[in-house]
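A short write-up of the structure that comes next.
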Amino acid sequence: MDFLQIKYFITAASCLNFSKAADQLYITQPALSRQINSIEKELNIQLFIRIGHELRLTPAAKLLYREFLQLYERYEDSVERANTIQHGVTGKLSIGVLDGIRIDDIFPNLLKAFSSEYPEVEIDLSYQDMSNLISNLYEGILDMAFSPQHEVEKHTYLDYKKIADSKSFLAMHESHPLADKKYIRFAELEDETFIILKPNISEIGHTLIMDEFKKHGFRPNIVYSPSMFTSFLYIQAALGITMFDSRSIFRNAPGIRFVDTDQFGHPDVTVAWHVDNTNEALLIFKKTI
């Protein structure tokens, strides 16, 4: 078998209709049937069975479909990367990371893999608050951004890919009366002072947490903070509690306790980009991810 035959089989297996598959392949149906017959003879494996008007894969063909699909995708990717290297890729890739989020176990390997193949692409990396990340993605100042999923999933024209799990925690000073608890329900927080990022810094994050308070029928004493780092300083000074997630760079800070609580939103770490961004380096980096 060659890769063209593999392509024929994958297309026929995806469509389960030889006429539709032939149209997608820009060949005639008899020509596709001949190719499938040739593959079956070479492998000595029946690939398709017809039950009534339905065309189905045999159990053996289902296995081949999964394996051949991965093989063909790797083949196409390798060819594209080789062409890219031959023609050379230059330019700049601007990447933003949300202040306070930890990606040191993910990003260095991605960057190393990308830079080893495309050394001529300049990487510009910066830490920014959520408001700037979003506006800079829309304005084209940033090509991509590392962010919690709930901060990007509802924005039109932004696409994203999840790259790491995360969950929400209540963060407080170790001297706080609740610090030794393993789990704290939101309903227990009515009398607490809550440190929250200003709405203009994280509009979606602010809305999520205020809706959570509303759901439980109270509004705590709120202190607004201009940044994640300022919130951390408030916690260090035992001036209130806040929400951090498990990917926070403050996760293991001395004197700070992270306590499990009710989950809301989607704090998983994603890489986001604007769907209309045509930067060639971005298109390649997405494949690296």
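Packing around the peptides 183-192, 15-24, taken as the average count of other Cβ atoms within 10 Å per residue, puts them in this order, highest first: 15-24, 183-192.
So, R0 is 51 Å and r is the distance between the beta-carbons of residue 33 and residue 289; what FRET efficiency does that work out to, to 0.05? Here the calculated transfer efficiency is 0.85. Close amide H pairs (under 5 Å, H built 1.01 Å from N) link residue 93 with 122, 123, 124, residues at least 5 positions away or on another chain. Projecting the Cα positions of 243, 255, 281 onto the charge dipole of region 212-289 (unit charges on Cβ atoms of Lys, Arg, Asp and Glu, taken about the Cα centre) puts 255 furthest along the positive direction.
Counting only Cβ charges, +1 for Lys and Arg and -1 for Asp and Glu, the dipole size of the chain around its Cα centre is about 880 debye.
Beta bridges per DSSP, both residues in the chain: antiparallel share near 55 percent. The fewest-to-most ranking of 32, 110, 197 by surrounding Cβ atoms within 10 Å reads 110, 32, 197.
When shorter helices are ignored and each DSSP H run of at least 4 residues is given -39500 (n - 2.57), the per-residue value for the chain at 222 nm works out to -13000 deg cm²/dmol.
Pairs of Cα atoms nearer than 8 Å and 6+ residues apart set the relative contact order; for the chain it is 22 percent. Fewest neighbouring Cβ atoms within 10 Å first, the residues 245, 99 line up as 99, 245.
Per residue, the average separation of C-alpha pairs within less than 8 Å and at least 6 apart gives region 1-124 a relative contact order of 20 percent.
Going by neighbour counts of Cβ atoms within 10 Å, the residues 93, 43 line up, fewest first, as 43, 93.
Across region 168-261, Cα-Cα distances exceeding 15 Å account for 57% of all pairs.
Taking the Cα centre of region 85-212 as origin and assigning +1 to Lys and Arg Cβ atoms and -1 to Asp and Glu Cβ atoms, the resulting dipole is close to 280 debye.
Of the residues 149, 3, 93, the one whose Cα sits farthest towards the positive end of the charge dipole of the chain is 3 (charges of +1 on Lys and Arg Cβ, -1 on Asp and Glu Cβ, taken about the Cα centre). Between 176, 216, 206, the Cα set farthest toward the positive side of the dipole of region 168-261 (charges on each charged residue's Cβ, about the Cα centre) is that of 206.
Readers should treat all values here as calculations from the given coordinates under stated rules, not as data from a laboratory. Predicted model only: the values in this text are computed from it and were never measured. Using ideal geometry, Cβ is built from the backbone for each residue, glycine included, and neighbour counts are taken over all protein chains shown.
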